[in-house]
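Student: Okay, here's the structure, questions in a sec.
The values are calculated or read from the model by the stated rules, or taken from the named source; none is laboratory data. Model, not experiment: these values are computed from the prediction. For neighbour counting, all protein chains shown are included, and Cβ atoms are generated from backbone atoms with ideal geometry for every residue, glycine included. Just so you know, the surface numbers come from the protein's heavy atoms only, side chains and all, with ligands and any DNA or RNA stripped out. Shrake-Rupley method; radii C 1.70, N 1.55, O 1.52, S 1.80 Å.
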Amino acid sequence: MKRTELSGGVRERLVRLPAPYQISRILSRREAVSSSAIKRTHSTLDELLIADEDDDQAGQTVRQVRDTR
């Protein structure tokens, strides 16, 4: 395999990866869910991600967990 073929394959895979913001956003929300559980405030990752998109759908508990960060 030639070097250009390998780098083309790597380049192709990198294009398919989600945006770094999406990955970091999910990781930070997971951390918020974990940290909040210690404080007995519970939410799910799905609820947090939905609240990021539409704050009107978020309940008080979800807002608390989201604001933990």
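Student: Report, by residue number, each residue of the stretch 39-69 that is open to solvent by less than 50 Å² (accessible area, probe 1.4 Å) and over 17 Å from the mean Cα position of the chain (by Cα).
Tutor: Of everything in the stretch 39-69, those that are open to solvent by less than 50 Å² (accessible area, probe 1.4 Å) and over 17 Å from the mean Cα position of the chain (by Cα) turn out to be Thr41, Gly59.
Student: Would you please list the contacts, defined by Cβ atoms under 6 Å and residues six or more apart or on different chains, that run from a residue in the stretch 26-48 that is more than 14 Å from Asp67 (Cβ to Cβ) to a residue that is in a helix (DSSP H, G or I) and open to solvent by less than 40 Å² (accessible area, probe 1.4 Å)?
Tutor: Within 6 Å, the pairs are Leu45/Arg29; Leu45/Val33.
Student: Among (1) surrounded by 13 or more Cβ atoms within 10 Å (Cβ to Cβ); (2) modelled with pLDDT under 85, there is one condition Val33 misses while meeting the rest; what is its number?
Tutor: Among (1) surrounded by 13 or more Cβ atoms within 10 Å (Cβ to Cβ); (2) modelled with pLDDT under 85, the lone unmet condition for Val33 is (2).
Each row is one residue, and each column tells you yes or no for (1) modelled with pLDDT under 70; (2) touching a strand residue (DSSP E or B) at 6+ places or on another chain (Cβ under 9 Å); (3) loosely packed, with under 10 Cβ neighbours inside 10 Å.
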| site | (1), (2), (3) |
| --- | --- |
| Met1 | yes, no, yes |
| Ser7 | yes, no, no |
| Glu12 | yes, no, yes |
| Arg16 | no, no, yes |
| Ile26 | no, no, no |
| Arg29 | no, no, no |
